[in-house]
Structures are given as structure tokens and as C-alpha cells.
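J.: The structure's right below; bear with me while I get my questions together.
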Amino acid sequence: MSAHGSSACVPDWRTIESVRALKGDRVFQLLLRGGVRYVLKRSGTSSGMEAAAAAVGTIRSLGINAIPALPVPRRARSCAFAALGVVVAPHVLDSIGSDDELLFLPFVDALPLQDAVETYLRASRWRRRALHVAIGRLWAFDVFIDNSDRLLKGVNLDNILVDQALHLHAIDQTLGGDVIAALSGVSDRLRRRLDRMIAVEGRTSISIDLADQLKRAGFPLGNEDAFCRDVAVGLINGVRAIATLAADEVRELVDEYSPGLGSAFPILIREFRQAVQRSESGVPNGVRTRVAAVKGRCPRPLDDGDVLGGQLW
Ligand SMILES: Nc1ncnc2c1ncn2[C@@H]1O[C@H](COP(=O)(O)OP(=O)(O)OP(=O)(O)O)[C@@H](O)[C@H]1O
Ligand SMILES: [Mg+2]
């Protein structure tokens with residue numbers, strides 16, 4: 001089995017039966033003959049950078065289930081445009097201009113996190129905690145690819161989808177400026193950020209902000225400290241998962257959609273690896289709980305199973 005799940009194949013555009021807008025004049029759902037659904041999207045940034053980010057996010061060990069987003073192949077563009085022409089005004093179609101922006105994704109029956117309250121209410125305690133952990137993993141991923149529109153600069157719950165089983169699916173990520181910058185060396189800022197991340201054990205500004213937004217949306221989070229701890233476990237495990245990625249495979253995956261940027265990833269992965277090593281060798285970093293506080297037990301890295309009582313999903 002491949003380590004990532006970007007197995008979406010190109011739809012047969014000639015069999016499109018209906019099109020509806022999911023978001024303004026940017027994101028559309030296509031229904032194909034036989035009931036297969038796809039999403040056609042005009043990328044807000046560059047389709048290559050968005051496709052590369054999604055491809056990295058499909059690596060299973062990261063645990064964030066990114067939905068693969070693939071640039072619409074040149075040979076399919078006229079069909080894609082004809083489909084869009086059904087739902088968007090001609091001037092919008094004109095404004096799409098360079099069709100390099102178009103992506104297609106498999107449609108996933110899932111809702112943006114803030115709209116998934118009912119699913120959350122129905123789910124078992126373990127599934128809820130698994131979701132909190134997955135959000136922490138997603139946060140580590142956003143740092144890895146420097147994706148700004150989700151968990152780095154404030155919180156955008158729209159880009160976290162949740163299905164009926166309360167599984168998380170990451171959407172709408174792209175490679176940020178720090179990935180490009182990493183080609184000429186990793187900044188101290190990223191090092192400091194990684195040290196702080198791996199030392200987190202409870203509340204942080206992001207997890208508090210997240211908890212606030214979820215509570216406002218009607219999520220019964222219960223004990224907020226416990227929520228923040230779950231997210232922190234996911235964050236640390238996300239950093240560890242990134243540190244153990246096969247650097248050459250990630251480079252190839254990224255180069256397929258964003259030629260040249262793949263070379264940043266072995267550099268970034270090495271940085272994550274070194275942060276994990278620093279934390280394990282006891283080099284002081286951030287706000288780790290004092291050893292005295294763990295009452296003689298040998299501190300060891302938490303894994304998702306610590307939170308989930310041995311059950312993932
Ligand atoms: N593959 C998908 N399956 C199901 N729903 C989707 C999918 N992709 C997008 N959506 C829905 O469409 C909404 C908008 O999609 P997305 O976040 O990708 O676009 P956007 O925010 O307009 O993008 P950008 O930030 O690049 O301008 C999502 O919040 C989600 O509700
Ligand atoms: Mg979005």
C-alpha cells in the first residue's frame with residue numbers, strides 16, 4: 001500500500017450531469033453520471049502549490065487525511081470550463097483567465113468543523129478525543145508547509161472538514177513563503193517555534209482560541225483543559241510524524257506539482273528531526289512541565305493511544 005492516498009483519478013468530464021456552487025464563484029460540486037461527485041475549484045493561490053500541499057497532507061502517517069487536489073489536466077480544461085459555464089456568469093468565466101488555477105478534488109461528504117456540532121454530539125468520547133488529537137496533528141502540518149489559512153495565524157475552521165464518523169479531512173492548504181525561504185536555509189524563527197511546539201503540554205493561544213470558537217459554535221467541549229491537552233498531544237505527535245518522514249519521497253511528491261520546491265522538504269524534515277532530538281536530549285526548551293511535577297515517573301513521549309485509551313478509530 002502506498003504511504004499516501006493521493007489516488008484520485010481524472011474524472012471523465014464528458015459525463016458531468018450537474019454543477020452547483022459550494023462557495024461563491026470559486027468552488028463547485030460536479031455530479032457525474034453514475035453518482036460520482038467531484039469538486040472543481042479555482043485556487044486562491046497557485047494550483048501547483050495547493051496540489052503539492054495536499055499531496056504531502058495525504059501521507060498517512062501524518063494522520064490528517066488531506067483531500068488530494070489535482071490541477072485540471074490541459075486536455076480536460078475545455079470540458080471543465082463548459083461545466084463552469086453552466087453556473088457562473090460569462091464575465092466570471094472570463095475573469096478566471098489563466099486556467100492554471102483550476103483544481104479538481106474528490107468530493108467528501110463532510111462539513112466544515114463549525115457546522116459539525118451534531119456529529120460531534122453523537123460521537124463517542126473516544127472519537128471526540130481522536131478529533132482533538134487530529135487537530136493538533138493538523139497544526140503541526142500547517143507549520144511544516146507554512147500554511148497560513150487554518151491554524152497558524154488565527155483559526156479558520158472552514159478548512160477543517162469532519163465526516164459522519166468524526167474523521168478529520170484537511171482542505172484548502174498551500175505551501176507558504178517559509179517553504180521557499182527554507183531553500184536558502186531554515187530560520188531561527190522556525191527553530192524556536194518547533195522547540196516551543198514540542199514542549200507544549202496544555203493550553204496555548206491557538207488551542208484556547210480554538211476552544212473558544214468551538215464553544216461559540218455550540219460544541220460541548222466539557223473540560224477545556226482536557227481539550228487543550230488532547231490538541232497538544234496531537235501537536236507533539238504531528239511533529240514526531242513529520243520528523244520520521246522519508247525526505248526523498250516527500251521531495252518527489254512536491255516536485256511533481258511544484259517543480260523545484262521539493263528540495264525544501266528534506267531541509268524542513270531535518271529541522272523537525274533535530275527539534276525532536278533536542279527535546280529528547282533535555283536541551284531546555286520552552287515551558288515543559290518540570291520533572292518534579294511527574295512524581296518520579298519517567299517522562300516519555302505521549303502517543304495518540306495515551307489519549308485514546310488504545311483506540312484510534
Ligand atoms: N473536496 C471537498 N469535499 C467536500 N466539500 C468541499 C471540498 N472542497 C471544498 N469543499 C467545501 O467548499 C468550501 C470552500 O472550499 P475551499 O476552502 O477549498 O475554498 P476557498 O476557501 O474559497 O479557497 P481559497 O482559500 O483557496 O480561496 C469548504 O469550506 C467546504 O465546505
Ligand atoms: Mg477555505
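J.: For the stretch 8-28, which positions are in contact (Cβ under 8 Å) with a residue 60 or more places away in the chain, within 14 Å of ligand 1 (Cβ to nearest atom) and surrounded by fewer than 17 Cβ atoms within 10 Å (Cβ to Cβ)?
T.: Result: Ala8, Arg20, Ala21, Asp25.
J.: Here is a follow-up. Only one of (1) more than 15 Å from Asn65 (Cα to Cα); (2) within 16 Å of ligand 2 (Cβ to nearest atom); (3) not hydrophobic (A, V, I, L, M, F, W, C) is not met by His169, so which one is it?
T.: Of the numbered conditions (1) more than 15 Å from Asn65 (Cα to Cα); (2) within 16 Å of ligand 2 (Cβ to nearest atom); (3) not hydrophobic (A, V, I, L, M, F, W, C), the odd one out for His169 is (1).
J.: Determine which single condition Ile145 fails, assuming it passes every other condition in (1) touching a strand residue (DSSP E or B) at 6+ places or on another chain (Cβ under 8 Å); (2) within 28 Å of Arg270 (Cα to Cα).
T.: Just one mismatch for Ile145, condition (1).
Residue-by-condition table, conditions (1) charged (D, E, K, R); (2) within 16 Å of ligand 1 (Cβ to nearest atom); (3) free of Cβ contacts under 8 Å to residues at least 40 places away in the same chain; (4) over 30 Å from Pro259 (Cα atoms):
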residue: Asp158; (1), (2), (3), (4): yes, yes, no, no
residue: Leu175; (1), (2), (3), (4): no, yes, no, no
residue: Ile180; (1), (2), (3), (4): no, no, no, no
residue: Leu190; (1), (2), (3), (4): no, no, no, no
residue: Ile208; (1), (2), (3), (4): no, no, yes, yes
residue: Arg216; (1), (2), (3), (4): yes, no, yes, yes
residue: Pro220; (1), (2), (3), (4): no, no, no, yes
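J.: Restricting to the stretch 107-128, what's the tally of residues that are surrounded by fewer than 21 Cβ atoms within 10 Å (Cβ to Cβ) and assigned to a loop (DSSP other than H, G, I, E, B)?
T.: 5
J.: Exactly one of these conditions fails for Ser148: (1) closer than 20 Å to Asp109 by Cα; (2) within 16 Å of ligand 2 (Cβ to nearest atom). Give me its number.
T.: (1)
J.: Still on this structure: Out of Leu84, Leu93, report the one residue that is surrounded by fewer than 17 Cβ atoms within 10 Å (Cβ to Cβ), modelled with pLDDT under 80 and assigned to a helix (DSSP H, G or I). Even if it seems obvious, please write down each step before you answer.
T.: Details: Leu84 fails: surrounded by fewer than 17 Cβ atoms within 10 Å (Cβ to Cβ).
Every option except Leu93 fails the conditions.
J.: Criterion first (away from ligand 2 (no atom under 16 Å from the Cβ), among the β-branched types (Val, Ile, Thr) and more than 21 Å from the chain's Cα centre (by Cα)) does Val186 satisfy it? Before you say what the answer is, go through the steps one by one.
T.: On the way: away from ligand 2 (no atom under 16 Å from the Cβ): yes; among the β-branched types (Val, Ile, Thr): yes; more than 21 Å from the chain's Cα centre (by Cα): yes.
Yes.
J.: Still on this structure: Would you confirm whether any residue within the stretch 281-292 is in the same structural domain as Asp142 (by TED's automatic domain parsing), surrounded by 15 or more Cβ atoms within 10 Å (Cβ to Cβ) and either at negative phi or modelled with pLDDT of 95 or more (or both)?
T.: yes
J.: Within the stretch 129-156, work out how many residues are surrounded by fewer than 24 Cβ atoms within 10 Å (Cβ to Cβ), within 13 Å of ligand 1 (Cβ to nearest atom) and not basic (Lys, Arg).
T.: Number of matching residues: 3.
J.: For the stretch 29-47, how many residues meet the condition of being under 18 Å from Pro259 (Cα atoms) and either within 13 Å of ligand 2 (Cβ to nearest atom) or surrounded by 21 or more Cβ atoms within 10 Å (Cβ to Cβ) (or both)?
T.: Pass one, the stretch 29-47, residues under 18 Å from Pro259 (Cα atoms): 43, 45-47.
From what's left, either within 13 Å of ligand 2 (Cβ to nearest atom) or surrounded by 21 or more Cβ atoms within 10 Å (Cβ to Cβ) (or both): 43, 45, 47.
Qualifying residue count for the region: 3.
J.: From the list Gly154, Gly185, Gly177, pick out the single residue that is over 20 Å from Ile242 (Cα atoms), out of contact with any Phe, Trp or Tyr (no Cβ under 9 Å at 6 or more places or on another chain) and assigned by TED's automatic domain parsing to the domain that holds Arg278.
T.: Details: Gly185 fails: over 20 Å from Ile242 (Cα atoms); Gly177 fails: over 20 Å from Ile242 (Cα atoms).
Testing whether each residue is over 20 Å from Ile242 (Cα atoms), out of contact with any Phe, Trp or Tyr (no Cβ under 9 Å at 6 or more places or on another chain) and assigned by TED's automatic domain parsing to the domain that holds Arg278 leaves just Gly154.
J.: Another question, if that's okay. Could you tell me which of the residues Leu183, Leu253, Leu245, Leu214 is under 17 Å from Ala140 (Cβ atoms) and aliphatic (A, V, I, L, M)?
T.: Working: Leu183 fails: under 17 Å from Ala140 (Cβ atoms); Leu253 fails: under 17 Å from Ala140 (Cβ atoms); Leu214 fails: under 17 Å from Ala140 (Cβ atoms).
None of the others qualify; the one that does is Leu245.
The values are calculated or read from the model by the stated rules, or taken from the named source; none is laboratory data. Keep in mind the model is a prediction, meaning the values are calculated, not measured. Because the Cβ atoms are built from the backbone with ideal geometry, glycine has one as well, and the counts that use them run over all protein chains shown.
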